[in-house]
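**Student:** For reference, the structure I am asking about is given below.
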Amino acid sequence: MSKKTTVIGFMVALSLLTACSTGKPSATVPSDSGGTATAAPLKDVTLKIGLPGGYDITSQKIITNFQAKYPNIKLEIEETPWADFVTKIVTRIAGNNPPDLWLQENAVVLGYGKRGVAENLEPYIKRDLKTDDYVSALTSAKLDGKTYGIPHGINPGALAYNKQIFKDNNIPFPTDDWTYNDMIETAKKLTKDTNGDGKPDIYGFQAGNNITLGWLPWMRAYGGSALDSTLSKSNFTDPKSIQGLTAWADTINKLKISPTREAATTGKFFENGKVAMTFFQYATQVSLNKNKPDLDWDTVKMPIGMDGKRFVPMVVNQWIVYSKSKPEVKEAAWTFLKYYLSDEGQSLLSESGTSLPVKKTALAELEKSTTKPVNKKAYTKGIEEAGGTLDENASWNEWRAAAGPILNDIMDGKRTPEDGAKEIQQKVQGVLDENK
């Protein structure tokens, strides 16, 4: 053996020994193209995490437990009220100074992906995760074959009902096979003027005024949608979409089974036992159980639509990794996300009650919980059967803002659904065309 070969062999052995002696895993960082790029061993690194909404949104136990497991990753946590964070993050991105990891709405994340702000996590997912262990929402932040976020959690809708109101009227509780027509007809029976003043004191249903629990589920129930399947064309003037908008507004203006939008803003009707049924997001149960622990209520799946199909609206906030962070910092961010998606992390997410986990084993455990709503399968099985996001694309916030005031007018009875839909169609398509 030559002296040169001996020296090279010694240096290789020494380098391997040095790497092993650190006790820290070697990081192989995926490239954006889907290949891999070998990086230095995961050394001591600082990871800046932005938490809009603070620990009311993200479980502090998850942060604390992760830090204990990975002491070489120093966390700098930025707690900010949600509205303030959303305002300031735009400026920070422009100044190339956002956190390395933060969470926002799914549609915003898609926009960040399109602009190159969010890291493509598809190679990381392929490298480290068994996707069959998770529900399909794991990759809901997908655009053009790339995944730009990991779910912070799923916040789906279900039909909540006040059990006492049903008992008082000798009407059977709702079931998972209910249709929208079943819900409407029962709401008529449960709407009561108890003091004879000509105005309902108990409403059978409360219509929502936002995209998640308001107009979009009704449009979907009639076979319509806000956008077409390509998410590039407005679909508000589709006759089926108009039918849905009409049925939604009729709950207030024609059938009188729902309180008005103005009254519902401050009335807390369901919380105060004045509404028999309403569409209800999972996260709302935290405050409801805290403020009204004696309220007797439960949930069933979202009703089946007039087209025979069920639609379960899902809000999926996403964790984003900043694409311009250093490779070792991005690997640290992914290490956090892997922990977040682990059995322990997902169990802690379930415990917080702020949203549903995306890991199937954690969802199965959650179904055994006896806290209200007892029938958590209304959510867990609902998303499995018919969970859908909210016609989200990169310009989601912009086209919703354009449609919002007109939709409020439709709900308030100031415009007909037909006339309102025509104006919305034009405004939304204008936004979509500008953002091609």
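**Student:** Anything over 25 Å Cα to Cα? Flag those among LYS256/LYS414; LYS233/LYS381; LYS240/LYS422; LYS114/LYS233; LYS301/LYS427, in the order listed. Don't jump to the answer; show the numbers that get you there.
**Tutor:** Working: LYS256/LYS414 16 Å; LYS233/LYS381 31 Å; LYS240/LYS422 14 Å; LYS114/LYS233 18 Å; LYS301/LYS427 33 Å.
The answer is LYS233/LYS381; LYS301/LYS427.
**Student:** If R₀ is 45 angstrom, what is the calculated FRET efficiency for the pair ASN72 and GLU434, using the beta carbon separation as r and rounding to 0.05? It would help to have the intermediate numbers written out before the result.
**Tutor:** Details: r = 46 Å, r/R0 = 1.02.
Step by step, r from the Cβ atoms, then E = 0.45.
**Student:** Please report the spacing between the Cα centers of the range 139-167 and the range 220-277 in Å, no decimals.
**Tutor:** For the range 139-167 versus the range 220-277, the Cα centre distance is 18 Å.
**Student:** Hey, another quick one. Tell me, what HN-Hα J-couplings in whole Hz come from the Karplus equation 6.51 cos²θ - 1.76 cosθ + 1.60 at θ = phi - 60° for each residue of the range 311-324, using x for Gly and Pro?
**Tutor:** 10, 10, x, 10, 9, 10, 6, 10, 7, 10, 9, 5, 5, 9
**Student:** Mind jotting down the three principal axis lengths of the chain based on Cα atoms? Whole angstrom, largest first.
**Tutor:** Result, largest extent first: 102, 48, 37 Å.
**Student:** Take the cross-link list LYS167/LYS292; LYS74/LYS360; LYS254/LYS372 and give me the ones stretching past 23 Å between alpha-carbons.
**Tutor:** Working: LYS167/LYS292 19 Å; LYS74/LYS360 30 Å; LYS254/LYS372 33 Å.
The answer is LYS74/LYS360; LYS254/LYS372.
**Student:** Label point 7 Å out from ALA401 along Cα-to-Cβ: which residues of the range 98-119 have amide N under 14 Å?
**Tutor:** 108
**Student:** OK, next. Please give every one of the lysines within straight-line cross-link reach of LYS88, meaning a C-alpha to C-alpha distance under 16 Å, and leave out same-chain neighbours fewer than 8 residues apart.
**Tutor:** LYS48
**Student:** Would you mind ranking ARG400, ARG220 so that the residue whose beta carbon has the fewest other beta carbons within 10 Å leads the list?
**Tutor:** Values: ARG400 20, ARG220 26.
By the 10 Å Cβ count, ascending: ARG400, ARG220.
**Student:** Given contacts defined as C-alpha pairs under 8 Å and at least six residues apart, what's the relative contact order of the chain, whole-number percent? It would help to have the intermediate numbers written out before the result.
**Tutor:** Details: 781 pairs, mean separation 95.2, N = 436.
Result for the chain is 22 percent.
**Student:** Then there is this: Only sites in a loop by DSSP and with at most 12 other Cβ atoms within 10 Å count here; which chymotrypsin sites (Phe, Trp or Tyr not before Pro) in the range 275-334 make the cut? Can you show the working numbers first?
**Tutor:** On the way: sites: PHE279, PHE280, TYR282, TRP297, PHE311, TRP319, TYR322, TRP334; in loops: TYR282, PHE311.
Counting only loop positions with at most 12 other Cβ atoms within 10 Å, none of the chymotrypsin sites (Phe, Trp or Tyr not before Pro) in the range 275-334 qualifies.
**Student:** Can you work out D for the range 249-320 in µm² s⁻¹ from Stokes-Einstein, where Rh is the Kirkwood radius over C-alpha pairs, the temperature is 25 °C and the viscosity is 0.890 mPa s?
**Tutor:** Values: Rh = 14.6 Å.
This corresponds to a translational diffusion coefficient of 168 µm²/s.
**Student:** With +1 on the Cβ of every Lys and Arg and -1 on the Cβ of every Asp and Glu, and nothing else charged, how large is the dipole of the range 246-319 about its Cα centre, in debye rounded to the nearest 20? Spell out each step's value before the answer.
**Tutor:** On the way: 10 positive and 7 negative charges, 24 e Å.
Computed about the Cα centre, the dipole is about 120 debye.
**Student:** In Å³ and rounded to a whole number, note down the convex hull volume per residue for the Cα atoms of the range 323-402. If you can, show how the numbers build up before the last one.
**Tutor:** On the way: hull volume 11.7 nm³, N = 80.
About 146 Å³ per residue, rounded to a whole number.
**Student:** Work out, step by step, the length gained on full extension between VAL286 and LYS199: first 0.36 nm times the residue separation, then minus their alpha carbon distance; give nm to one decimal. Could you put the intermediate results ahead of the total?
**Tutor:** Details: separation 87, 0.36 × 87 = 31.32 nm, distance 3.11 nm.
The VAL286-LYS199 span can extend by a further 28.2 nm.
**Student:** Which value in nm describes the separation of the simple spin-label points at GLU185 and LEU295, placed 7 Å from the Cα toward the beta carbon?
**Tutor:** 2.8 nm
**Student:** Mind pulling the angle between the C-alpha long axis of helix 60-69 and the longest principal axis of the chain? Nearest 10 degrees, somewhere in 0 to 90.
**Tutor:** The helix 60-69 is inclined about 20 degrees to the chain.
**Student:** So what is the relative contact order of the range 316-373, in percent, for Cα pairs below 8 Å that sit 6 or more residues apart?
**Tutor:** About 20 percent, as a whole number.
**Student:** Using Cα atoms only, what is the angle between the long axis of helix 396-411 and the major principal axis of the chain, expressed in degrees (0 to 90) to the nearest 10?
**Tutor:** Approximately 10 degrees, to the nearest 10.
**Student:** For the chain, what does -39500 (n - 2.57) per DSSP helix run (n ≥ 4), summed and divided by total residues, give at 222 nm, in deg cm²/dmol to the nearest 500? Write down the numbers at each step before the final one.
**Tutor:** Numbers: 17 runs with 188 residues, N = 436.
Helices in the chain give a 222 nm mean residue ellipticity of -13000 deg cm²/dmol.
**Student:** Also: Suppose the chain between LYS233 and VAL374 were pulled fully straight at 0.36 nm per residue; how much longer would it get relative to their current alpha carbon spacing? Numbers along the way, then the final one.
**Tutor:** Numbers: separation 141, 0.36 × 141 = 50.76 nm, distance 4.02 nm.
Between LYS233 and VAL374, full extension yields 46.7 nm more.
**Student:** Related question: If you average 1/r over all unlike Cα pairs in the range 333-377 and invert the result, what Kirkwood radius do you get in angstrom? It would help to have the intermediate numbers written out before the result.
**Tutor:** Details: mean 1/r = 0.0924 Å⁻¹.
After inverting the mean inverse Cα-Cα distance, the result is 10.8 Å.
**Student:** Which whole-number percent is the relative contact order of the range 281-436 (Cα, under 8 Å, 6+ apart)?
**Tutor:** Relative contact order for the range 281-436 comes out at 26 percent.
**Student:** Per 0.36 nm of contour for each residue apart, how much would the distance between ASP343 and LYS167 grow if the chain were fully extended, relative to their Cα-Cα spacing?
**Tutor:** Details: separation 176, 0.36 × 176 = 63.36 nm, distance 3.97 nm.
Taking ASP343 through LYS167 to full extension adds about 59.4 nm, to one decimal.
**Student:** Please give the charge dipole size of the chain, origin at the Cα centre, charges +1 on K and R Cβ atoms and -1 on D and E Cβ atoms. Round to the nearest 20 debye.
**Tutor:** Values: 53 positive and 51 negative charges, 192 e Å.
Dipole magnitude for the chain comes out near 920 debye.
Throughout, read-outs are computed from the coordinates displayed, never taken from laboratory work. Model, not experiment: these values are computed from the prediction. Cβ atoms come from the backbone with ideal geometry, glycine included; neighbour counts cover every protein chain shown.
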